[in-house]
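The structure under discussion appears below in the form of structure tokens.
Nothing in this text is a laboratory measurement; each read-out follows from the coordinates by a stated rule. Keep in mind the model is a prediction, meaning the values are calculated, not measured. Here the Cβ is made from the backbone with ideal geometry for all residues, glycine too, and neighbour counts use every protein chain on show.
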Amino acid sequence: MNEHYFNMYRHDLQSFIGLSFSVLNPHMGFQDNWHFGVLAEVLHKVGEGGIKRLIINMPPRMGKSHCVSVAWIGWLLGRYPNKKILCLHGGTALGRDLHESCFQLMDSPRFRKIFPHARIRVDKNRLITPYGGQRLFLPFDSRLTGLGADVIILDDVMSPMEAMDTAERERLYQHFDQNILQRLNSKKDGAIVVVMQRLHEHDLTSHIL
């Protein structure tokens with residue numbers, strides 16, 4: 001890649017999403033679609049501070065977790081290596097897979113050529129940049145005392161079974177209201193992004209709205 005392509009990937013999130021998929025899936029072709037452009041546009045606005053609260057509701061297998069929890073985080077830390085990002089997931093296995101995918105992306109030769117200053121090191125559930133930024137992964141119901149973030153991502157934090165259980169829904173609502181909302185470093189400038197499929201008329205998306 002020459003410098004023209006480097007600049008394109010640094011500034012155009014939709015192009016970077018396609019590149020990130022190819023880096024992580026070298027034997028699969030990326031099937032681009034209009035919804036990736038929509039996701040890239042709104043996520044770019046979140047990164048620039050134009051959107052502070054974002055809900056992404058899409059069916060399974062549409063690439064939403066890759067776009068948000070892998071590609072966008074890598075792109076964001078590449079552009080703003082001092083950002084602190086907290087990723088919360090309902091399933092530990094899913095969260096771990098996305099965390100490792102983000103590491104593989106940011107540790108790849110192509111990423112390092114696009115963002116040469118964004119070298120990372122791994123410390124348990126954290127990917128840490130030399131400038132104090134990080135990607136921290138935790139299960140959704142973890143204790144968050146003492147933690148803070150500039151961006152909080154909630155990715156599939158509610159399962160279909162939990163969505164059908166009134167008591168479980170109330171527990172998730174309470175955790176979101178009393179713990180998640182308090183973890184932003186700046187209540188004015190911090191951003192929260194919720195990524196999930198709709199599961200129930202009273203699921204977490206409904207509660208937030």
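Miscellaneous remarks
- The chain gives an Rg/Rh value of 0.95, both radii derived from C-alpha positions and Rh following Kirkwood.
- Entry note, the stretch 1-132: relative contact order of 25 percent, from Cα contacts under 8 Å with a spacing of 6+ residues.
- Label positions at residue 57 and residue 201, each projected 7 Å from the Cα along the C-beta direction, are separated by 1.3 nm.
- Here the stretch 70-133 yields Rg over Rh of 0.94, to two decimals, using C-alpha coordinates and the Kirkwood radius.
- Look at the dipole of the stretch 39-191 built from charges on Cβ: of 40, 173, 131, the Cα furthest out on the positive end belongs to 131.
- Taking trypsin sites (Lys or Arg not before Pro) in DSSP loop conformation with at most 15 other Cβ atoms inside 10 Å as exposed sites, the chain has its longest uninterrupted site-free stretch at 1-60.
- Chymotrypsin sites (Phe, Trp or Tyr not before Pro) restricted to DSSP loop in the stretch 25-67 with at most 14 other C-beta within 10 Å: 30
- The alpha-carbon of residue 187 sits under 28 angstrom from the alpha-carbons of these lysines, leaving out residues fewer than 8 places away in its chain: 45, 52, 64, 83, 84, 124.
- Rg/Rh (Cα only; Kirkwood hydrodynamic radius) as it applies to the stretch 117-181: 1.07
- Size of charge dipole - the chain - debye, nearest 20, with Cβ of Lys, Arg +1 and Asp, Glu -1, no other charges: 800 debye
- Principal axes of the stretch 1-113: Cα extent on each, largest first, Å: 39, 34, 30
- Farthest towards the positive end of the charge dipole of the chain, among the residues 158, 56, 105, is the Cα of 105, using unit charges on the Cβ of Lys, Arg, Asp and Glu.
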